1. May I ask you to list pairs of residues, at least six apart or on different chains, whose Cβ atoms are under 7 Å apart, with the first in region 181-198 being within 20 Å of ASP169 (Cβ to Cβ) and the second being outside any helix (DSSP H, G or I) and of a type in the set (A, V, I, L, M)?
2. Considering only residues that are of a type in the set (D, E, K, R) and either at pLDDT 95 or above or farther than 30 Å from LEU392 by Cβ (or both), which ones fall in region 238-257?
3. Pairs only if they're at least six apart or on different chains, beta carbon under 6 angstrom, first in region 338-365 and outside any loop (DSSP other than H, G, I, E, B), second buried (at least 18 other Cβ atoms within 10 Å of the Cβ) and of a type outside the set (Asp, Glu); list them, first residue then second.
4. Which condition does LYS48 not pass, out of (1) in contact (Cβ under 8 Å) with a residue 24 or more places away in the chain; (2) part of a helix (DSSP H, G or I); (3) not β-branched (Val, Ile, Thr), if it passes all the others?
5. Pick out the one residue from ALA458, ALA465, ALA482 that is free of Cβ contacts under 8 Å to residues at least 24 places away in the same chain, under 24 Å from GLN27 (Cβ atoms) and either surrounded by fewer than 22 Cβ atoms within 10 Å (Cβ to Cβ) or touching a Pro at 6+ places or on another chain (Cβ under 7 Å) (or both).
6. So LEU64 passes all but one of these: (1) part of a loop (DSSP other than H, G, I, E, B); (2) crowded, with 17+ Cβ neighbours inside 10 Å; (3) modelled with pLDDT under 95. Which condition number does it fail?
7. For region 233-268: of the residues being closer than 24 Å to ALA389 by Cβ and of a type in the set (S, T, N, Q), which is surrounded by the fewest Cβ atoms within 10 Å (Cβ to Cβ)?
8. Being part of a helix (DSSP H, G or I), over 22 Å from the mean Cα position of the chain (by Cα), crowded, with 24+ Cβ neighbours inside 10 Å and not charged (D, E, K, R), is that true of even one residue in region 383-390?
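The values are calculated or read from the model by the stated rules, or taken from the named source; none is laboratory data. All figures in this text were calculated on a predicted structure; none of them were measured in a lab. Because the Cβ atoms are built from the backbone with ideal geometry, glycine has one as well, and the counts that use them run over all protein chains shown.
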Amino acid sequence: MSLLAVDIGSSSCKAVVFATRGAILAQHSSSYMPEFPHPCYAEMDPEKFWDAVCVSCRTLTKGLRDPVRALCFSSHGETFVAVNSQGRPLTAAILNQDSRAILESAQCEEMIGRQRLFQITGLFAHPMYPIPKILWLRKHQPEIFASTKSFLTLIGYLLQKMGLPPYVDYSLASRFLAFDVRRHCWSDDVLSATELDGACLPLPVPAGTLAGKLNPEAASQLGISAGTPVVLGGHDQPCGALGVGVISGGRVSDSIGTYECLLAASDAPSLNDKALAALLNSYCHVVPDKFVTLAYFPSGIMVKWFHDLLYLNGSGEASSEAPVLGLEASHYAFLEEHAPEKPTGLCITPHLIGTCNPDFNPRARALIAGLNPGTDRSQMYKGILEGLACELSIVTESLAEAVGDFEDIYVTGGGARSALGLKLRAALTGCRLHVMSRQEAVCLGTAILAGVAIGEYASIGQAVAELVEESAVLDPDETVAASYRDQVKRYRQLRSAAVQQAEGFFVTDEEEA
């Protein structure tokens, strides 16, 4: 018997079939491309998500010997779909990276107050969240707003496509900017201040809730047997934390992907002044009665930008100047192998699309300082890894001030494949890194929720004990840390100057419209 976990990302859908003892039996990924019809807009036809799920599920279940016992979904946060009373989408899905609702976001903070909003939702006002965008729809597309019965998450939309109730779990509900994270319900205060009807928001239930069973039509499209239980997963970051065993207080995970997200689990939300000052998010875990506090920054996006600059031509194809190394992983291996032993002296910030914690300035941009005529590609690559480690040290300090000190971090994600990157992260944060043996942490956490829901595992704790394993432990090298003290100091000065300079920019009503 097996468990099928589907994670709906912002650019691809990944499906993984796990044996009940944790081995990966099959996996498949289907990509899709967001659309940017106007400045600040980011949208996608919601049917593209459904099509990608169907393709991935059908592909990996062909010839699968172990029948799928349960299907469970996780998803990136904030993206939503407005549907009418027949469940049909009225617009494209509005993606989390869409920033059209800058003014409405500021109005939310003004109407409710930053401190009060944080105490209720564990979030600060930002245009990524659905509530400001729903207010934008009410103002700019009133006919769409008036025709909307419900604003669904992507998981809710998929559940509805399968003829099941379009539930939202507590972790994804927490990403709306209207969910009371302590009371596990939509906030009357936020809804009253924004003059929104809670009936237009999906019903919140715990992650791991059994949504129902696949009907024959949906089963045929997915390539899975009719009657298979469908389980509600949750937000990808908490699911990933579950997949590396970060399920109780004092445990911290680091997911190194396009963004690098540091996440601490706790028994209560961290809604203190230090958390708010660092603009941290603190909200419901997918683990019952637990919470997560997270801080993040752009990470893999900087590495990928540099790779593509070196090895791809303008058409997106491999450049003739690229080394004959084949796969992208070989390019990274080449750069890492030729990187200098000592600090590069470069200061490279990763903020191609702005900063995240602790200041969240979307107008800040990446900077490179310290170049000289002898700087080569491998030095630049290491300089980027150094910058990421410096940025992680800043984020680590901000998180520790809010949740308490920690010495161990459980690492997963594509960036964990870089031995040099891990060495720098351990040295500059002073933390011991536990590298997980199964890098598909989000899907593993999602599969655990499915297994507990159908009784395959007695509890989440039992599942974690059986399935979550480490492949290596990396202690911080104090000698390396000492060699970087001056460079770290310069990095922080450069970063601070860049953020202060970006504060001088503003968005006018005309630009927002």
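1. The qualifying pairs are TRP186/ALA178; TRP186/LEU201; SER187/ALA178; VAL190/ALA178; LEU191/ALA178.
2. Hit for region 238-257 is ASP254, nothing else.
3. Hits for this filter: CYS347/TYR491; CYS347/LEU494; ILE348/GLY383; ILE348/ILE384; ILE348/GLY387.
4. Just one mismatch for LYS48, condition (1).
5. Within the list ALA458, ALA465, ALA482, the selection yields ALA465.
6. (2)
7. So the residue we want is THR258.
8. Checked region 383-390: at least one residue is part of a helix (DSSP H, G or I), over 22 Å from the mean Cα position of the chain (by Cα), crowded, with 24+ Cβ neighbours inside 10 Å and not charged (D, E, K, R).
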